[in-house]
Every structure is written in structure tokens, then in C-alpha cells.
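Below is one structure; the comments refer to it alone.
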Amino acid sequence: MTASFSERGFSRRAFLGLGATAAVAAGAGLAGCSPQASGDASSKSTASASAATGTASAGAGTPSFLTAPDAIAESDIKETIEADIVIVGAGFSGISAARSAVENGAKNIVVVEKAKTWQYRSNQVGCIGGKIQEDLGIDIDKNAVVGQIMKECGYRPNQRILKLWADNSGEAFDWYLAASEGQYVVEAESDAYDGESMSVRKMHWPHPAEANVAEDFYPIFDDCQICLPDNGPYIQNMVDICEEAGVQFMYSTFARQLVRPNNTGRVEGVIVEDENGDYKKITASKAVLLASGDYASNTEMMSYYVPWSDRFMSIFPNTDAKGEKTNTGDGQQMGMWIGAKMEDGPHAPMTHHLGGPLGMDAFLLVDVNGDRFMNEDVGGQPFQNQLSRLPKKTAWQIFDSKWKDQIKYMDTGHGNVNWYVESGSEVPNGSYGKNAYISEEDNEDGNTPGFTSYFEGDKAVGVTANSIAELAKLMEVDEAALTATIERYNELAAAGNDEDFGKRADRMFPIEEGPFYAYPLTDTVILVNMGGLQTDVDFNVLDTEDETIEGLYAVGNTQGGRFLVDYPLPAPGISHGMALTHGMLVGRILAKL
Ligand SMILES: Cc1cc2nc3c(=O)[nH]c(=O)nc-3n(C[C@H](O)[C@H](O)[C@H](O)COP(=O)(O)OP(=O)(O)OC[C@H]3O[C@@H](n4cnc5c(N)ncnc54)[C@H](O)[C@@H]3O)c2cc1C
């Protein structure tokens, strides 16, 4: 599933210039570089360089993205457009901000988008509160959620920025749905859903009675809703509201540079390039909002900021008017070129694993040597973190024929499988999210969770056997080691005490009754990469001296302070929920300027 660095056609050393000297120079290049200053790197201090780039690394070479391009000359600008507010990016956060701003009285808003139309992905939206949760009697402790994210992110995020989501996301989700009032149904039964109409349901709800989530080692909260068929029609309705209120969307339009003369004072606008290659200046008398997403498709930025994650294959689907992926860190770069500060790392790749046929359920895991290596009862992000460090980056998920009775005890949430649905039965309402259940129809031989032993080339991808010896052979794992591991695991399960790795007793199931199943888990994919410009709690971008840059704001994945080290999963759908909520909030702020 992954493309190696070299397969992607370049050498990490080549562009990082990993001689000893120069991330200093790299950072210095940035600190000095404004388009207007045409990137006089060497004259700037190392200290401000590190601050600007969000990396403390010393090293070499100047990655090209840290060097500001020459300023686009006034003589090359074909047209000037006057606006109050310019929003760069018509994704979830930018559209939410535009709608909120115009609904709160802002005028003369221009949204520039480099794709041919507005963009979105997926169907999840995570929030705390809101009518759907209230009707279901779901009451989430906001501080518990934010506290858990803080812990899983090594206490690096700005807790007040997370809190904005926690405090306002219920309202924001109701506001999101209000744009589609009368067009969707809530809590539709899954078999009533025709795949086309709009329907909103709670993800992973209700929990099986046996799932004692209160004792979770990695808690997953009930914040996530699923909007069917996906977020598209709901966002379309927001765009319609914006357009009817006079917001101007300029598609196939690439924001290229911010206008901030001499890198001092306020940001005055944006220079964009249209599909013909003509430059236009859009002045912003009140604000420029960077809502241009993340940088996971910028290989140079990935290798600079998160070299441990640049091997993950991207499945990012959105492309700009020229056919390139849209998430190339344009907003972060344009901001840094005029003096904004990239947040300190480690930046956070969204690389959560979805597990095997039984998802991220806490079944026995062994490595390629047949050894157990961790408490299996964790979410998809911590699991991928372990997997990255295993020999051959491979683990096997192992379970026996009794899995159908065991999945209801497992954690409920992102990546968990909790229901086995007999043929003709209904999927429990709201547990939709295909990974929440396995139906008998999915079950190829009526006995296994969707697979029998099969191979891709010489490589086993899911094996089934009637004995552990046979299983080991199919897995190409040492039989004695695997047998010893399973015997020990069974002993701990019988004792109800996982002395070895501390897994809770009610999720320890012995591997004793064949057929036995094993599935190899290898690297997952990357969705987006979190790392953005440092802002205050009003979304105002800060410079390398921690002073606000007047007129410049950031939201969504262009904003820092939200996820660091990891994109954890205590609150599934939070990325969309935060784009929506923070978009709503920053729109209100811009409307008051
Ligand atoms: C396959 C996939 C599935 C996902 N599923 C989920 C999920 O289920 N739940 C969840 O919470 N998150 C999910 N995510 C992550 C989530 O989609 C994003 O984190 C979130 O939508 C980011 O919103 P945004 O507004 O910051 O950025 P985006 O939605 O990326 O919007 C940024 C916009 O800015 C535009 N832009 C960029 N540069 C320029 C420029 N120079 N000029 C003009 N326009 C520009 C882009 O074209 C884009 O339209 C998923 C991501 C992927 C890839």
C-alpha cells in the first residue's frame, strides 16, 4: 500500500541537503523571506529562523518551500479586485467561515479556490452536543474529551483552541444541518437508506450492552455523526446560502502571494493566478483568511517536518484545476513568506489504522516472529505507531471461531467492529459505518469475517487453518514461537489477568477453538497532515515574535495549535467538526472587523 521514498522519485538527502550545516540556513532563508524581500536568507538570525519554520532542527540546505519567491510585480497584475474579506480555500473550513461571515453581516466576501469547484471528503462530523445527541440522551464531558486529546498529543496543542471546538461544536452541527432543513432524515434505519437521499445518524450507536466503554484505556467518545450519502449535499447547501447572500466564489484560481509590503503592518490582500496564468490582486480591507488545508501532498514539506511519515501512501482525492492534489501547504508557505510562524512540531500525520477484518478490536496481535508485543486494546493511531516500529512493519491479528460472540465486548468507535448481523436481520440503528458491523453476506463461507486463506502473489493475505501449526505455516511464522505465544495468551485469558501487557480481562479471549484466523496488518495510508500557522484564540495569525499579523487569519488545517505528535481518535470526525466549528467562529470574528 505504501510508496517508498525512492519510489516517489527523489532522494530525501538530495533535497534536505543533509549535510550538517544547514537547517539553520533553511530557517534563516524563511525568516527573511518575503516576496518583497526576495528571499535574502543569509542576513537573518537562526533564532527567528527556527521559530518561523516550527522546527528546531539544525541541518542543511534550504528547502525550496522556505524560500519566498520574488514578489509578483505590479506591472504583471492584470486586474485589481476590491474586497472586504478574502478567503483562500473553499473546503469545509473556508465555506463554513464564508457562510458564517455573511450571515453575521459581512459584505464583499471573495472566496478563491484553486480547484474547479468547492471541495469536501467523507461523511463524518464530530461534535459535542447538538440536537441529535440531546435526543439520544448522549451527554459528553467536554473537558474529558479535550483532556484526552491533550494527553494523546503530548500536551502540545493550545487547549483553548481545542476548547473552542468543544464548547461550540454542538451549536455548529445544528447550524450545519439547518442549511439542509427538510432535506434529510435523522436516525434512519440503515436498511431504509437508499444510498442517495440525505440521512444523518449517530456513528457507533447504540453500544452493545456488553461493551464496557467506561473502562477504556483509550477512550473514544460518542461525538461523531455520519451524514449520508456524504458531506457533499450538506456543504452544497452552505455554498448556496453564501452565493445567494452575495459571496463571490472564484474557482480555478490559485492564491500565490499575500500582500504585506516590507513584511510589516497589515496584510492587505492576496495575489492570485487565474486559469489563463493571469495575475489579479484582490485587496482585503478587513481580512485575509487562510483556509487552504494541509500539506500532506507536498513531499518536501513532509520530509522536512515529518520525515518519519513521508513513506505513507496518500489517498487524498482532491485535485486542483491543473490536476495536482490540492493539499500542498500553500497557505502555510504564503504565511511564512510574510513573517508568520509555523507552529512547533512534531506535526501530526493522520495515519490511523483501521485494522483487519475485525477492525481495531483488541484481538491477539503477534509480530512476524510470532511474539506478542503490546496491549492490543488501543485505537488505530497508537496501533500504527507501534506497527511502524515492528520488524517488517507487520503484525498479525489472530482470533478463533468464536469471534462472532466476542466482538460485542470490544471498544466502540473509530475502527471497531461490534456487530455480527445475521442474514435477514437489521443492522442496529446508527451503528452504520461499514466498519462497525459484519453481515453474514460479507462472510464468504458463512464462518469467517470476510476472508478465507488467500494469497497475493506469494504473500498470505488472511489465512484460515484448523490448527495453530497449520496457521503458523501459512503465516510463515515460527511454529514453536507462535504456539508458545498462544499458550501464554490463553493462560493469561484464563487467569483473567494480563500480567504481560495489562490488557483488560473482558477483552482477553483465548485462541482455542478452530478454525483459527490470522490477518496481516501493514502500514495504513495518510489522509492529511496536521501542522499549521500559529494563531491566537481568535484565529489571528502570529509572527515569529508572537505578535498578531493584522488582517491575517487561519482556520482548518492551515491553523496550528490543534493536533501535534499524533492525530488521535478519542473524538472521531473532529477534523471535520473543527473545520465547521472554527469556520463558524472565525466568520463571526471577521464580520465584526
Ligand atoms: C480520504 C479522506 C477521508 C477523510 N475522512 C475524514 C473523516 O471521516 N472525518 C474527519 O473529521 N476528517 C476526515 N478527513 C480529514 C478532513 O477531510 C480534513 O482534515 C478537513 O476537511 C480539512 O478541512 P480544511 O477546510 O482545513 O481543508 P480542505 O478541505 O482541504 O480545504 C482546503 C481548500 O483550499 C484550497 N486551496 C489550497 N491551496 C489553495 C490556493 N493556493 N489557492 C486557492 N485555493 C487553495 C483547496 O483546493 C481546498 O479546496 C479525511 C481526509 C481524507 C483525505
Practice problem: Quick one: count up the residues across the range 550-587 that are away from the ligand (no atom under 12 Å from the Cβ), aliphatic (A, V, I, L, M), over 20 Å from GLN225 (Cβ atoms) and assigned to a helix (DSSP H, G or I). | Solution: 0
Practice problem: Would you mention how many residues in the range 286-325 are in contact with a helix residue (DSSP H, G or I) (Cβ under 8 Å, 6 or more places away or on another chain) and among the hydrophobic types (A, V, I, L, M, F, W, C)? | Solution: 7
Quiz item: Scanning for something in a loop (DSSP other than H, G, I, E, B) and within 16 Å of the ligand (Cβ to nearest atom), does the range 507-522 turn up at least one residue?
Solution: no
Quiz item: Quick check: anything in the range 508-531 more than 24 Å from SER388 (Cα to Cα), touching a residue at least 24 places away in the same chain (Cβ under 8 Å) and of a type in the set (D, E, K, R)?
Solution: yes
Quiz item: Using beta carbons and a limit of 6 Å, which pairs, at least six apart or on different chains, have the first residue in the range 561-576 and more than 14 Å from HIS204 (Cβ to Cβ) and the second one near the ligand (Cβ under 9 Å from one of its atoms) and of a type in the set (Gly, Ala, Ser)?
Solution: ILE574/GLY126
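Being crowded, with 18+ Cβ neighbours inside 10 Å and assigned to a loop (DSSP other than H, G, I, E, B) is the requirement here; does LEU590 meet it?
Considered against the rule, which asks whether it is crowded, with 18+ Cβ neighbours inside 10 Å and assigned to a loop (DSSP other than H, G, I, E, B), LEU590 comes out as no.
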Exercise. Report, by residue number, each residue of the range 472-499 that is closer than 11 Å to TRP396 by Cβ, touching a strand residue (DSSP E or B) at 6+ places or on another chain (Cβ under 6 Å) and at pLDDT 95 or above.
Key: THR485
Quiz prompt | Check on TRP205, part of a loop (DSSP other than H, G, I, E, B) and buried (at least 17 other Cβ atoms within 10 Å of the Cβ) | solution = yes
Self-check item: Residue that is nearest to the ligand (Cβ to nearest atom) [pool: residues in the range 112-138 that are of a type in the set (Val, Ile, Thr) and assigned to a loop (DSSP other than H, G, I, E, B)]
Solution: THR117
Self-check item: Filtered residues of the range 348-371 (kept if in contact with a helix residue (DSSP H, G or I) (Cβ under 8 Å, 6 or more places away or on another chain), more than 13 Å from the ligand (Cβ to nearest atom) and part of a loop (DSSP other than H, G, I, E, B))
Solution: HIS353, GLY355, LEU358, MET360, ASP361, ALA362, PHE363, VAL368, ASN369, GLY370, ASP371
Quiz item: Under 6 Å by Cβ, and 6 or more places apart or on different chains, what pairs join a residue from the range 108-133 that is acidic (Asp, Glu) with one that is at pLDDT 95 or above and near the ligand (Cβ under 6 Å from one of its atoms)?
Solution: GLU113/ALA90
Quiz item: Looking at (1) under 25 Å from the mean Cα position of the chain (by Cα); (2) assigned to a strand (DSSP E or B); (3) more than 30 Å from GLY329 (Cβ to Cβ), which is the only condition ILE226 fails?
Solution: (3)
Exercise. Among the numbered conditions (1) of a type in the set (Ser, Thr, Tyr); (2) away from the ligand (no atom under 16 Å from the Cβ); (3) in contact (Cβ under 8 Å) with a residue 24 or more places away in the chain; (4) within 23 Å of LEU564 (Cβ to Cβ), tell me where SER169 comes up short.
Key: (2)
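The values are calculated or read from the model by the stated rules, or taken from the named source; none is laboratory data. Everything numeric in this text was worked out from a predicted model, so none of it was measured. No Cβ is skipped: glycine too gets one built from the backbone with ideal geometry, and neighbour counts run over all protein chains shown.
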